[in-house]
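What follows is a single structure, written as structure tokens, with notes after it.
Where a number appears in this text, it was derived from the coordinates with a stated rule and is not lab data. Small disclaimer: the values here were computed from a predicted structure and weren't measured. Cβ placement follows ideal geometry from the backbone for every residue including glycine, while neighbour counts extend to all protein chains displayed.
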Amino acid sequence: MFYAREKEISQIRELLTRKSACAMIYGKRKVGKTTLLTHVLGSSKDKTVYYECLKSTMEDNIEGFVAVLVREKILPVPLTFKGFTDVFAYLNTLDGTYNIIIDEYPYLKEFTKPETVDSIFQAVIDNHLKNIRLFISGSHVGMMKDMLEEKNALYGRYSLTIWLKELNYREAALFYPEKNVYDKAALYSVFGGSPYVNGFINPKKTLRENIVATILNESHPVYQYAEHLLISDFTNAIGAERIFSAIANGKQKYGEIESKLGMKNNGLLSKQLASLLRMDIITKTYPINKPDDNKKSAYEINDNLLRFYYAYVYKNKSALRVLGPEAFYDEYVERSIITFISHRFEEIARDYFSLCVQSGKLKGVTNIGTYYYDDSETKTNGEFDVVLQRRDLYDIYEVKYYAAPLGIGEMKKEESQIRNLKGLKVGKIGFVCVSGFDTQTDEYDLVSGEEIYS
């Protein structure tokens, strides 16, 4: 099944109207890069060649690429070439136009200097794409980003660059369309937006049944994905896993992570966090009213599935093996899973408002995020988790992942607490409840789960 990606499909199809071009597509593992390319290029009238690079020498990769060209009947026999430049020069002498995918491009840099590899492909792009549309793809986000920088030999040589990210909550719900909105939010909160992962969800089973069958099953591909994602692309995998475990289910400040890991203030944590940020595996967040206050910044895991794995499984693998998936769920997951989903549902709410702004449905919003308050009079401090900034006003939304509709009494109580805060310039007060509301009122802006998923 192939869902969403309409914008990216349109961009690639436009590229196919040209006789020659070079495109870069990158994103973390199992986000759908190869599937997207093969899906679109499968309808091209021109021959498509797919080659996944080896974690080996340049010579081995040239040999592997030539073998694919022979298999695709583009080369009659395995000819001998000194380098990729010679292979592409030969292809330029052939009739017809070719779509060539070089997947996992960073693997070429395992045994060859990265700058040498990029210089080789600079020569290919500059001189040997007369009849070729070249698609360079990779999962190591940090290394692929490096190729977009001015200092890199490939800078400015892409006709199209796509940073492919996970499906959003609406797009992921296409994998389980018959679920109600309460269950859709729960499945997305646990399994995230990877098309690969969502393909294993059984829409006829409950959240518990799906978790037990996949993430808590050590032999299942979803468990393997969560366990090995960091190891495959991060040189200090053990350090990364410890950081993920420290962050787990929530936002953690730098000092909190440092304290949990027992790391000295030697700059090592800062370097590791910087690498994970560059790879887009974690995010550094700030309240929208404190963008320059590092004391209020926090780190969180981007991938919902990884959040679940590191919150529940990573430190408890021995218990999982002893108890088995079902008993492990009952003992370790059941009591806090609603809290886990509730935090993720706040992100769904922020994404909903972002989509509304992008579509033009919502006007006048200058930022969306959290808001930090510290009121000396009421002696309260904390964060509002969903806030829309409108110049100097803030629309405050309380978000509830409830199985039943939110009542008017609770709404009025929440409003009173907000109004009592001094110095907060409040615009609208609203509520987001996945199960809707027991009363419709014009006093507040009410957003139900049905509206979020409509």
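Observations, loosely collected:
- Convex hull projection area averaged over all views, segment 169-335, Cα basis, nm²: 10.9 nm²
- The radius of gyration of the Cα set in segment 52-149, together with its Dmax, comes out at 13.0, 39 angstrom.
- Measure of compaction for segment 121-216 (Cα Rg per 2.2 N^0.38 Å): 1.58
- Three semi-axes describe the equivalent ellipsoid of segment 345-452; taken as square roots of 5 times the Cα gyration tensor eigenvalues and ordered largest first, they are 21, 19, 12 Å.
- A dipole drawn for segment 169-335 from +1 and -1 charges on Cβ atoms has a positive end, and of Leu305, Tyr196, Ile281 the residue lying farthest that way is Ile281.
- Kyte-Doolittle at least -1.0, axis length at least 30 Å by Cα - qualifying DSSP helices, the chain: 337-359
- Looking at the chain, the pairs of alpha carbons with a distance over 37 Å make up 36% of the total.
- Here, segment 1-105 is characterised by an Rg to Rh ratio of 0.97, where Rg is the alpha-carbon radius of gyration and Rh the Kirkwood radius.
- Debye, to nearest 20: dipole size of the chain, +1 on Lys, Arg Cβ, -1 on Asp, Glu Cβ: 560 debye
- All-pairs alpha carbon distance profile, segment 250-355, 10 Å steps from 0, percent: 12, 35, 34, 16, 2
- Taken over the alpha carbons of segment 174-225 as equal point scatterers, the Debye sum produces base-10 log I(q)/I(0) values at 0.13 Å⁻¹ of -0.26.
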